[in-house]
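Below is one structure, written out as C-alpha cells; comments come after it.
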Amino acid sequence: MNNTREVEVVVTGAGQAGLAGAYHLRRAGFEPDRDFVVLDHSPGPGGAWQFRWPSLTYGKVHGMHALPGMELTDADPARPSAEVISDYFDRYERTFDLRVRRPVDVRAVREGPGGRLLVETSEGVWSTRALINATGTWDRPFWPRYPGQETFRGRQLHTAQYPGPEAFAGQRVVVVGGGASGTQHLLEIAPYAAATTWVTRRPPVFREGPFDENAGRAAVALVEERVRQGLPPRSVVSVTGLPLNDAIRRGIEDGVLDRQPMFDRITPTGVDWKDGRHVDADVILWATGFRAAIDHLTPLRLREPGGGIRLEGTRAAADPRIHLVGYGPSASTIGANRAGRAAVRDIRRLLAQEPVAA
C-alpha cells in the first residue's frame, strides 16, 4: 500500500488512558511520528470530557486523577469540567510533545504482512508492531430496548446527549439508570422539571463512609475477574455503589431519589408497569451507561464466547501485540495511568524479543 506508514506502536485514543500510554512511550525513549503515533477521532483535546454538559462543573467531578508527570492545579471548581480538562489535556500534549493527530477515525485493525498489524484510518494506513487501544466508551452509549419504545411521542435521549437541566423546564421526565449519571441528572433536573420519576433495574446501593484504597482495590478486582474470564467489563463504579454524600441525602429526603422498579412497557404518553401503574412523560432520559468502543478490532477475532476480550494485565490473551487500556479494570482515571505504564513495559519486552519478520 503506497500510503502505508510504519511505526513501532500505534496508540488509538487520546483520553486519559491514551495520553498515559503516550507519555510512558516517550519516557521509554520512543519518538513521536518516528516510533509511535497517537490517533484521536475527537475534534480537540480532552477525550470524552470535552463532550460533557456545561452544568457538570469541575467541582462536581468525582475522582479525576492527574495524568502522569503533570498535576492539574488551581482549577476553578465553578468552571465547566469540559473546559478545565480539555485545557489541561491540551497543555499536557504540548508539554510532552505527544503530537496527537486529529480528527482521525480508526476504522479497522487487521493482520498485516510480516507479523505486523495494519491500522486502517480516515487518514491512511499505519503498519505497526504493537497497538495500545484506548478508545474508551463514550462513542458507544447503551440504549436498552423495551416494548412500545418506538411509539413514544415525547423525546428520548441518552446521557451522551444530555444538554443540561434547563432543557427540561416544565417537562415530566423519566430518568432510567441507577449509576452516578442518573442521580446527577435527577438532582439537577428536579428544580426545573414539572415532575421526575427515577426507575432502575436493581435497587440502588448507597455507600456510607469513605471509599478507601482497600475498597477501591476490591472493586477493581471484581471488574478484573470479569475480563480475565472474557466477559464484557462492567464499570468500576457499578461495583462500588453510590456515595451517600450531602446532595444524595437531600435528594432522598426531598423524594427526588425515590427509586421505582423498572417499567414494563413504553406507551405513546409515558411508561407502564404490569401492576397497572402509569406515569405520563414528555422525556425519557436513558442514563444507562456505555459499552467499550472496540468494533474496529473485530477483524482480529479477539472476543471470547462470553462477548468480551480476555486480558492478562492489559494484554489481550489472544494476541500479545494488542493492549487495552481504559478498558474494564483500568477504566478509572487512576487505573488508566497505571495501565498505560504497564502496557508500555510489556510492549518494550515484546519489541526487544521479537524481530520483525521478513
Once fully extended, how much extra length lies between ASP90 and ALA169, figured as 0.36 nm per residue of separation less the alpha-carbon to alpha-carbon distance?
-> 25.0 nm
Taking every pair of alpha-carbon atoms in region 52-168, give the share separated by more than 23 Å as a whole percent.
-> 56 percent
Would you calculate a helix-derived [θ] at 222 nm for the chain, using -39,500 (n - 2.57) for each DSSP H run of n ≥ 4 and dividing by the full residue count, to the nearest 500?
-> -7500 deg cm²/dmol
Of the beta bridges DSSP finds with both residues in the chain, what % are antiparallel, to the nearest 5?
-> 40 percent
What residues have an amide H closer than 5 Å to that of HIS158, excluding those fewer than 5 places away on the same chain, when H is modeled at 1.01 Å from N in the peptide plane?
-> TRP286
Grab the beta carbon distance between ILE252 and ASN3, set R0 = 56 Å, and tell me the FRET efficiency rounded to 0.05.
-> 0.45
Per the rule of 0.36 nm per residue minus the C-alpha distance, extending GLN353 to LYS274 adds in nm 22.3 nm
Which log10 I(q)/I(0) values, to two decimals, does the chain give at q = 0.06, 0.09, 0.13 Å⁻¹ under the Debye formula with one point per Cα?
-> -0.25, -0.54, -1.06
Acute angle (nearest 10 degrees) that the helix 16-27 long axis makes with the longest principal axis of the chain, alpha-carbon atoms | 20 degrees
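Here, each number is a calculation from the coordinates, and none is a lab measurement. Note that the coordinates shown come from a computational prediction; the quantities given were computed from them, not determined experimentally. Neighbour counts run over all protein chains shown; Cβ positions are idealised from the backbone, glycine included.
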